[in-house]
Amino acid sequence: MSADLLAKTAELIDVASVSYNEGAIAGLIEEELRAVPGLTVDRVGDNVVARTDLGRPQRVLIGGHSDTVPPNDNAVARIEGDVVWGLGAADMKSALAVMLELAAAVAEPEVDVTWLFYAREEVRVADSGLRELFDVRPDLLATDVALLGEPTGGAVEAGCQGSMRAVVTLAGARAHTARPWMGVNAIHRLGSVLQLAEAYEPRTPVIDGCQFRESLQAVAVEGGVAGNVVPDRAEVTLGYRYAPDRSPAEAEDILREMLAPVLGDEDGFEVTEHAPAAPPGLGHPVLQRLIADNDLEIKSKLGWTDVAFFAERGIPAANFGPGESTLAHTAEERVDRAAVETYRSVLESLLTTA
């Protein structure tokens, strides 16, 4: 290897980049990429995009987010043997370290390459740096296929599930708790909604050989006026993850129909956030070659990732990174040398083999 990728990962970990505060790491990334001959570098806010322009017949976008969740006593990196520990090690500064190294090391790839480093992935979709780029500079993201370095343990995680959050509001009527029969307790009415969520049977469709598993969970509740008042209003927020064989409109209709038997005219249903699903998209020759040449395991992505931004624009995209997703956002976040170096080798082979 031409660089110590664990040391580079540790360097990136030590640059704090909690969501909405990615200016410092964007500056470091921009500086390094501008020093590489043959790259055109653009910075839009805290997003940095570097591109080759060699006239190759295909373009591959390799990207990742530069932000992290808040630290959990792990803001400073430490290397112990062949393992680097620290915030973002798995999600996803190890992938960023490889991207920076390959951008400098592979001067004349067999495909044109777009290196994408974007901000604000760990927060609501409306604030996404990738969404910002698609809105203001979509030309920078033009590509035939995209690979995002989300932590996948070295497997290819195809597509992603849709993610919808909806607030269900139950109406009641206020009364004194000494005379509850004179009112209607909205909190008690939440029980019928919670029972539906508890009884939900997950669909497990197989799409392009990938099995997805849907889920419905109550993730927040709110209600109550005072200790001596029957509450006239209560809310429950539902999180619905659905497979990519359903459109956003279909998913919303399904949830509405499920809740219809327990909702009345005075009750409310509002979708507060909705990120659509992405199909596996593994038919693209670049992805097929990546998988076949390296005998990579294929999994379905049960969460939501930014591959959906590309899929909704007709661009095949997959998740592929060296970190373990089960370690992301935990105090035990770490990545080992073998995983990072294997990730580098696989990407280098993709870029240098015709």
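The values are calculated or read from the model by the stated rules, or taken from the named source; none is laboratory data. Bear in mind the structure is a predicted one, so any value in this text is a computation, not a measurement. Counting neighbours? That spans all protein chains shown, and the Cβs are built from the backbone with ideal geometry, glycine included. Note: areas computed on protein heavy atoms with side chains; ligands, DNA, RNA excluded. Shrake-Rupley method; radii C 1.70, N 1.55, O 1.52, S 1.80 Å.
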Problem - Gain on full stretching of the segment that runs from residue 34 to residue 247 - 0.36 nm per residue minus C-alpha separation - result: 72.6 nm
Problem - Solvent-accessible area per residue for the chain (1.4 angstrom probe, square angstrom) - result: 43
Fill in the blank from the handout: For region 201-206, in residue order, the Karplus 3J(HN,Hα) values (coefficients 6.51, -1.76, 1.60; θ = phi - 60°; whole Hz; Gly and Pro = x) are 9, x, 6, 10, x, 9
Practice task
Quote to one decimal, in nm, the extra length available between residue 174 and residue 257 on full extension: 0.36 nm per residue of separation minus the C-alpha distance between them.
Solution key: 27.0 nm
Handout entry: Column: log10 I(q)/I(0), Debye, Cα scatterers of region 213-295, q = 0.15, 0.26 Å⁻¹
Key = -0.73, -1.32
Fill in the blank from the handout: Projected onto the charge dipole of region 105-188 (unit charges on the beta-carbon of Lys, Arg, Asp and Glu, signs +1, +1, -1, -1), the Cα from 171, 161, 140 with the largest positive-side position is that of 171
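From the alpha carbon gyration tensor of the chain, can you work out the equivalent ellipsoid semi-axes (sqrt of 5 times each eigenvalue) and give them in Å, largest to smallest?
They are 43, 22, 18 Å, listed from largest to smallest.
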Completion exercise
Whole-Hz Karplus couplings 3J(HN,Hα) for region 241-256, θ = phi - 60° and coefficients 6.51, -1.76, 1.60, Gly and Pro as x, run 10, 10, 6, x, 8, 10, 7, x, 5, 5, 4, 5, 5, 4, 5, 4
Practice task
Could you please state how large a percent of the accessible area of the chain is carbon and sulfur, counting protein chains only and using a 1.4 Å probe?
Solution key: 48
Practice task
Given the peptides 259-265, 179-185, arrange them by the average over their residues of other C-beta atoms within 10 Å, most packed first.
Solution key: 179-185, 259-265
Problem - Derived scalar couplings ³J(HN,Hα) [region 132-146; Karplus, 6.51 cos²θ - 1.76 cosθ + 1.60; whole Hz; x for Gly, Pro] - result: 4, 5, 4, 6, 9, 9, x, 4, 5, 9, 4, 6, 8, 7, 10
Practice task
Pop the C-beta distance of residue 82 and residue 269 into the FRET formula with R0 = 51 Å and round what comes out to the nearest 0.05.
Solution key: 0.50
Exercise for the section: Could you check the simple spin-label distance between residue 221 and residue 329, using points 7 Å along Cα→Cβ, in nm with one decimal? Expected result: 2.2
Practice task
First measure r as the distance between the Cβ atoms of residue 11 and residue 204, then evaluate 1/(1 + (r/R0)^6) with R0 = 35 Å and state the FRET efficiency to the nearest 0.05.
Solution key: 0.25
Exercise for the section: Have a look at 326, 152, 52 and tell me which one the Gaussian network model of the chain (Cα, springs below 10 Å) gives the largest fluctuation. Expected result: 326
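Please list, by residue number, every one of the GluC sites (Glu not before Pro) in region 255-354 that is coil in DSSP and has at most 15 other beta-carbon atoms within 10 Å.
266, 297, 312, 332
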Fill in the blank from the handout: Expected max-MSF residue from 74, 228, 294 in the GNM of the chain (alpha carbon, under 10 Å) is 228
Practice task
With everything on Cα atoms, drop me the angle between helix 23-34 and the longest principal axis of the chain, reported from 0 to 90° to the nearest 10.
Solution key: 30
Fill in the blank from the handout: Rounded to the nearest Å, the spacing of the alpha-carbon centers of region 46-84 and region 290-305 is 19
Practice task
Report, to the nearest 10°, how far helix 94-105 tilts away from the longest principal axis of the Cα atoms in the chain, using its own Cα long axis and a range of 0 to 90°.
Solution key: 30
Problem - Charge dipole of the chain about the Cα centre (unit charges at C-beta), most positive-ward option of 102, 258, 272 - result: 258
